[in-house]
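The values are calculated or read from the model by the stated rules, or taken from the named source; none is laboratory data. If you're wondering where the values come from, they're calculated on a predicted model, not measured in any experiment. Positions of Cβ are generated from backbone atoms using ideal geometry, with glycine treated the same way; all protein chains shown enter the neighbour counts. Only protein heavy atoms, including side chains, enter the accessible area calculation; ligands, DNA and RNA are left aside. Shrake-Rupley method; radii C 1.70, N 1.55, O 1.52, S 1.80 Å.
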Amino acid sequence: MDNFSKSEKEIYDFRKQKISFLNELTPDSFPTRFNESVKIADVITQHSEIKDGEHTGINVSIRGRILNSRSFGKLLFYDLLDHSGKIQLLINSGEIDELYLKLFEHFDIGDIIAINGEIIKTKKGELSIKVNQTTILSKSLRTFPEKWHGLKDKETRFRQRYLDLIVNPESKKILEIRSDVVKLFREYLHSIEFIEVETPILQSKAGGAIAKPFQTHHNALNLDMYLRIAPELYLKRLVIGGFEKVFEIGKIFRNEGIDQTHQPEFTMLESYQAYADMNIVMDMVENMCEYVFDNLEISKEIKFNGEQASFSRPWKRVSMFDLVSEKLGIEIKFDSEFKDISSKLNQQNINFEAKTLGILVFELFENFIEKDIKDPTFVTDYPVEVSPFAREKKDQKGVTDRFELFAFGSELANGFSELIDSEEQSLRLKEQAIKKSAGDEEAHVEDEDYVEALQYGLPPTGGLGFGIDRFIMILVGKPSIREVITFTHLKPEN
């Protein structure tokens, strides 16, 4: 137990001794189950209106964790917390059986106990349970932080997430909202006849996105494998196989940097709909998000990180070329000459690294526009160079039927009319492979198996990747992605 200080070790040993005392006091200590109880929230809801000083005569059994204790003469008070809420326990040492009083003398903050008692309201108006009986369910051998009611240190909160969830109700509420959001996404997609599927997390080729993967090795197959950076290519194989509407909600892994909006492990919703294009997908995203707002009764006027945006429909849809042109005061069209545009940029002392018009527009968008988009906006007309799986527009060479959804300066979703031409797909993947061999770790791998699948025919398809974590960040008003992920990755303490 090297992670104990001297004082912590003394407390640990003292509390450990209490286990023997509790077992000696009663054979009922530490039962293997206790499910004959009601939720604290139900007690509060059903009895909050009783008068000050009233005794209801109604006895209930509840279970939970002790969060606080205090005494006033013969009266002892404890706060008990279960998954639904917190309530005060009252023990009158002159009226309770001596056995149960001794049990309470051996209880500590953090212990999980069960009690039976009468629902009352104290003269000061505090809804309470006057305890008649109790038993210990689990002993807390460690002390809570001194200021457990205000555990603020972020490193402690995220390293010891269980403590954070116990002592910070807001943290627990965020994860409950997260669960509700995921459930509602599923409900909505099922309601429009999508089916939920599962695709491999371990993949022989990390495909479907432009990102650096995590690598591992499969001993039995003697094969290098990768944690998926997207489920996209497997989901489209299912569409080829005859499933017209599929989706998956699951973990994605990318071996990249960590910041306020990025984690190496995050949750993505991906969906693919046959015989649809990106416009149908954008409509679906609006409908799906509206379904969440309405069912959770959350205002569509959102305040986030000191700024405000309206998620009321319709959401703006605008070309990346138009955004860049307006921002820089230079008209840039899909058929503009790279030399002409680069010359005008040089005259304005605007630096860039791009060597083609498409990459240039994308670079300018990322550097000058993306971070300033507040209201939810579908940015369209992505260059083909950064969209290896999106279908090229019929009337605009070099531009794809792709969108990304932005709000509060962050990307929430990515979608497009899928590229279904197997020969074109093969050429694009070969170009990506050349970039990868030249040292671009995020370039896409060449995937002959996926190209072969395309050769059997992928119908016109609309695809979507939706970042669940970032959407929840906005709903709960937390600018750090770590707040909405249950367990985040941190550097080791030592």
In whole percent, the fraction of accessible protein surface over the chain that belongs to carbon or sulfur atoms, probe radius 1.4 Å, stands at 48
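Report the gain in length on full extension from His83 to Gln17: 0.36 nm times residue separation, minus Cα-Cα distance, nm rounded to one decimal.
Using 0.36 nm per residue and subtracting the Cα-Cα distance, I get 20.9 nm.
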Relative contact order in percent for region 281-400 (Cα pairs under 8 Å, 6+ apart) equals 27
Descending packing, highest mean Cβ count within 10 Å first, for 392-401, 24-33 is 392-401, 24-33
Sorted list, accessible surface of protein heavy atoms, 1.4 Å probe, largest first, for Arg317, Arg178 is Arg317, Arg178
Checking region 333-369 for GluC sites (Glu not before Pro) in a loop per DSSP with at most 12 other beta-carbon atoms within 10 Å yields Glu337, Glu353
CD proxy, 222 nm, the chain: helix-only mean residue ellipticity via -39,500 (n - 2.57) per DSSP H run with n ≥ 4, per residue, nearest 500, stands at -10000 deg cm²/dmol
Rounded to the nearest 10 Å², the accessible area of Ile109 using a 1.4 Å probe with every protein chain kept is 50
By accessible area (1.4 Å), largest first, Glu10, Glu265, Glu49 order as Glu49, Glu10, Glu265
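For the chain, what D do you get in µm² per second when you plug the Kirkwood radius from alpha-carbon pairs into Stokes-Einstein at 10 °C and 1.306 mPa s?
The diffusion coefficient I find is 59 µm²/s.
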Once normalised by the length of the chain, the mean sequence separation of its alpha carbon contacts under 8 Å that are 6 or more apart gives a contact order in percent of 12
Given pairs Lys333/Lys393; Lys74/Lys123; Lys300/Lys393 and cut-off 24 Å on Cα-Cα distance, the over-length ones are Lys300/Lys393
For the chain, dividing by residue count, accessible area per residue (probe 1.4 Å) in Å² works out to 51
Rounded to 0.05, the calculated FRET efficiency for the beta carbons of Ser179 and Ser204 at R₀ = 30 Å is 0.35
per DSSP, antiparallel bridges as share of beta bridges in region 175-327, % nearest 5, sits at 90
Reported to the nearest 10 Å², Leu165 has, with a 1.4 Å probe, an accessible area equal to 50
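How long is the gain from Asn222 to Ser37 if the chain were fully straight, where each residue apart is worth 0.36 nm and the alpha carbon distance is subtracted?
Once the chain is fully extended between Asn222 and Ser37, it gains 61.3 nm.
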In region 175-291, lysine pairs 8 or more places apart or on different chains with C-alpha atoms under 19 Å apart total 7
For Thr143, the accessible surface traced by a 1.4 Å probe with all protein chains present amounts, in square angstrom to the nearest 10, to 70
Inter-part gap, Cα centre of region 46-103 to Cα centre of region 5-45, in whole angstrom, is 16
Order by accessible surface, 1.4 Å probe, largest leading, for residues Leu328, Leu464 comes to Leu328, Leu464
Mean separation of Cα contacts under 8 Å (at least 6 apart) over the residue count of region 75-114, i.e. the relative contact order in percent, is 29
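When DSSP assigns beta bridges and you keep just the ones with both residues in the chain, what percent turn out antiparallel, to the nearest 5?
Just about 90 percent of them are antiparallel.
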Glu256 and Glu353 label points (each 7 Å along its Cα→Cβ direction) are spaced in nm at 1.4
